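Below you'll find the structure, written out as structure tokens, and then a few comments.
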Amino acid sequence: MFSFSDFYQLIAQHDTLRPWLNTLPKQLSDWEESEHGDMGRWMRALQKFPTDKPDIIDLKNEVSVRNEVPIADGEKKRLESLLRLLHPWRKGPYKMHDIHINTEWRSDWKWDRVLPHISPLKGRTVLDVGCGNGYHMWRMLGEGAKLTVGIDPSNLFLIQFEAIKRLMGNDDRAFLLPLGIEQLPELKAFDTVFSMGVLYHRRSPLDHIIQLKNQLRKGGEVILETLVIDGDENAVLVPTHRYAQMHNVYFFPSAKALKVWMEKCGFVDVRIVDENTTTTDEQRSTDWMTNNSLPEYLDPENPSKTIEGYPAPKRAVLVARNPD
């Protein structure tokens, strides 16, 4: 189905990543043998994407590709039809040969909030946990990262990533693996680890924070972004059922409580660098993601609350260093 041989060859040359070869091939082999629902249909679409390297690639200001001479209208329509077969597109936006993939999330806004507060990524090896379809991985390369590795168990996100990668000319600096972080050994190999939009999906948030730490080299940096509530160091919300119609959510700490959690897990220099209320301009339905989105998940009489009566989504970004 997929060949991960290029990634195996790459990490075989990387002293700190090489031990991953003890477990990774078996895990990915097991994944390939499992049931995948729509994967056959998506794979047939993926095989039709061109792999020629475009003339112009911009990962610094956006994620876009184009040729000096625009592709013909017929080819553009064919490419857009292939991209739309991979609906819903949640993370982006992308501009592929003047096709604007207007995704549910303005992930570029999150990136703009995060970027001023992190160590420069130039020359770094980066892990993006819960990377979605890889939008932020491309922006990391735009900031000079040497290698970006994303992990996310969603098959559709993997296919979307591979489609964009093909349109990039098969950039060999970015790889997405269909895994969860609990499947990773303690690599202690990455210069920077991102976890954005993952913590509230974890039944044990402290275990997740420790798992992030276990992937970092000594002195490496973690960027943790998650839903939070207002409050002091002891404030935590545990939804009884759904939150904004999400059912797989567990812990919403205050940013101050999350800082304490990270310190308890051994991180140092923990900083709360941003808190931001999510607006319906940042997350909404589009013609590339036609399902319900944030506007339908807020109380129509009081948009400061979710339809379940909880505080509306607010997100915080914390940055910290691994001293070990």
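The values are calculated or read from the model by the stated rules, or taken from the named source; none is laboratory data. Quick caveat: nothing in here was measured; it's all calculated off a predicted structure. When we count neighbours, we look across all protein chains shown, and the Cβ atoms used for this are built from the backbone with ideal geometry, even at glycine. These area figures cover heavy atoms from the full protein model, side chains too; ligands, DNA and RNA do not enter into them. Shrake-Rupley method; radii C 1.70, N 1.55, O 1.52, S 1.80 Å.
Of note:
- Summing Lys and Arg as +1 and Asp and Glu as -1 over all other residues whose Cβ lies under 13 Å from the Cβ of Gln211 gives a net charge of +1.
- Highest to lowest packing among 48-59, 284-295, scored as the average C-beta count within 10 Å: 284-295, 48-59
- For the chain, a crude dipole built from +1 on the beta carbon of Lys and Arg and -1 on the beta carbon of Asp and Glu, taken about the Cα centre, is about 380 debye to the nearest 20.
- A straight chain from Glu186 to Ser285 at 0.36 nm per residue would run longer than the Cα-Cα distance by 31.8 nm.
- Computed over protein heavy atoms with a 1.4 Å probe, the carbon and sulfur contribution to the accessible area of the chain reaches 46%.
- Label of the coordinate-derived value, Rg/Rh (Cα atoms, Kirkwood Rh), listed as [x] 0.96; [y] 1.00; [z] 1.23: [x]
- Relative contact order [Cα under 8 Å, 6+ residues apart], the stretch 50-200, whole percent: 25 percent
- Assuming charge only on the beta carbon of Lys and Arg (+1) and of Asp and Glu (-1), the dipole of the stretch 2-114 about its Cα centre is about 260 debye to the nearest 20.
- Approximate shape of the stretch 1-158 as ellipsoid semi-axes (Cα gyration tensor, √5λ), whole Å, largest first: 26, 23, 16
- Rounded to the nearest 0.05, the FRET efficiency derived from the C-beta distance between Arg44 and Asn248 at R0 = 22 Å is 0.15.
- With Cα atoms defining each centre, the stretch 23-79 and the stretch 161-186 are spaced 11 Å apart in the structure.
- As computed over the stretch 121-197, the Cα convex hull volume per residue (Å³): 80 Å³
- If you take all other residues with their beta carbon under 14 Å from the beta carbon of Asp172, and give Lys and Arg +1 and Asp and Glu -1, the sum is +2.
- The residues of the chain expose, per residue, 45 Å² of accessible area to a 1.4 Å probe.
- Under 5 Å between amide hydrogens, built in the peptide plane, is the criterion, and for Ile223 it picks out Val193, Phe194, Ser195 among residues at least 5 positions away or on other chains.
- The chain, relative contact order [Cα under 8 Å, separation at least 6], %: 16 percent
- With a cut-off of 10 Å between beta carbons, the residues surrounding Leu147 carry a summed charge of +1, where Lys and Arg count +1 and Asp and Glu -1.
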